[in-house]
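The values are calculated or read from the model by the stated rules, or taken from the named source; none is laboratory data. Being a predicted model, the structure only gives us computed values, none of them experimental. Cβ placement follows ideal geometry from the backbone for every residue including glycine, while neighbour counts extend to all protein chains displayed.
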Amino acid sequence: MRNSQIEIRRTSGAVGAEILGVDLAHPLDPTTLGTIRDAFHRHSVVFFRDQDMTPAQHIAFAEQMGSIVVNRFFTPVPGHPKIAEVRKEPGQAANIGNIWHTDHSYDQIPALGSILLAREVPPHGGDTLFASMALAYDALSPGLKATLAGLHAVHSSRHVFGVQSGAAKRGAGRLKNAELATQDAIHPVVIRHPDSGRKVLYVNPDFTTHFEGWTKEESKPLLDTLFRHAARPDFQTRFSWREGSIAFWDNRATWHYAVNDYHGERRLMHRITLEGVALSAATESSSST
Ligand code: SIN
């Protein structure tokens, strides 16, 4: 495939767009790069089909979008330490990412986004859901928005990837470095998106453990309310993979959820994660556009 007329088609009324007519395997001209960046900021997750790319070309595309940050818990693709494998074998029960989350929110500087390329897909199932956390925020009541405005939350990798979490057992060779899962980070509950300037709800069911200054017990009812609200189908899109499909999502603006409905089948994806910036509370006046 060579670049032809670029077309952008929304995949739901809420979030996501498919970009057609782009061949990502070759260096992109500034206009095409600008179009992809603009669609990414506008729709928070962009999809591409039928991309015939080597791992080196996957890396080269990612480097045109930002700087790569290596995930320390995922097993890398052999010979390509910058690419993480997201794998489920036919004999495995658990898949990776089967809970709403945003990648790397446990880092002090969370990842900007992830570029996931489908290498091997099951004959049915294995879709990924994405949800807009800007829409989730917008739909909160004024009273709850006011309550959240001053709050920060703690995000952790320990209970997900750490020694006590049993991740190594569940991940069966797909996850590593449990002893490095010591990161906790504190982020505003409502961030000002660094690029779009929109207010975004920044807590997620996988990594957010409690509000800063509150106990976990005190935090749970409000976090559960937010998680239930943000998981409404009204804020979502659903992507069905084919070999060569790519999803490029914004971790500051979305949650994602890998559906585990393809037991007995293999699914193999290659993921590259891009470095982000420190997140600011939406109440801070800087970057208000
Ligand atoms: C992930 O959570 O990063 C992986 C999503 C997927 O496999 O669909």
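In table form, for the structure just shown:
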item	result
Complete set of residues in segment 11-34 that are buried (at least 16 other Cβ atoms within 10 Å of the Cβ), hydroxyl-bearing (Ser, Thr, Tyr) and either at pLDDT below 95 or more than 24 Å from Arg119 (Cα to Cα) (or both)	Ser12, Thr32
Of all residues in segment 194-225 being of a type in the set (A, V, I, L, M, F, W, C) and in a helix (DSSP H, G or I), the one that is surrounded by the fewest Cβ atoms within 10 Å (Cβ to Cβ)	Leu222
Check on Asn260, within 15 Å of the ligand (Cβ to nearest atom), closer than 23 Å to Ala60 by Cα and surrounded by 16 or more Cβ atoms within 10 Å (Cβ to Cβ)	no
Matching option when the condition is among the aliphatic types (A, V, I, L, M) and surrounded by fewer than 20 Cβ atoms within 10 Å (Cβ to Cβ), among Ala111, Ala131, Ala146, Ala118	Ala146
Which numbered condition Tyr106 fails, given (1) of a type outside the set (Gly, Ala, Ser); (2) crowded, with 22+ Cβ neighbours inside 10 Å; (3) within 12 Å of the ligand (Cβ to nearest atom); (4) within 14 Å of the chain's Cα centre (by Cα)	(3)
Arg37 being more than 16 Å from the ligand (Cβ to nearest atom), basic (Lys, Arg) and within 19 Å of Gly21 (Cα to Cα)	yes
Enumerated strands (runs of 3 or more DSSP E) restricted to segment 91-160, each holding at least 2 residues that are among the hydroxyl-bearing types (Ser, Thr, Tyr)	128-132
Unmet requirement for Arg119, which otherwise passes all of (1) out of contact with any His (no Cβ under 7 Å at 6 or more places or on another chain); (2) at pLDDT 95 or above; (3) within 16 Å of the ligand (Cβ to nearest atom)	(1)
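Residues are listed down the side, and each one gets a yes or a no for (1) on the phi > 0 side of the Ramachandran plot; (2) surrounded by fewer than 17 Cβ atoms within 10 Å (Cβ to Cβ); (3) not β-branched (Val, Ile, Thr):
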site	(1), (2), (3)
Ile6	no, yes, no
Arg42	no, yes, yes
Val46	no, no, no
Met53	no, no, yes
Phe61	no, no, yes
Val69	no, no, no
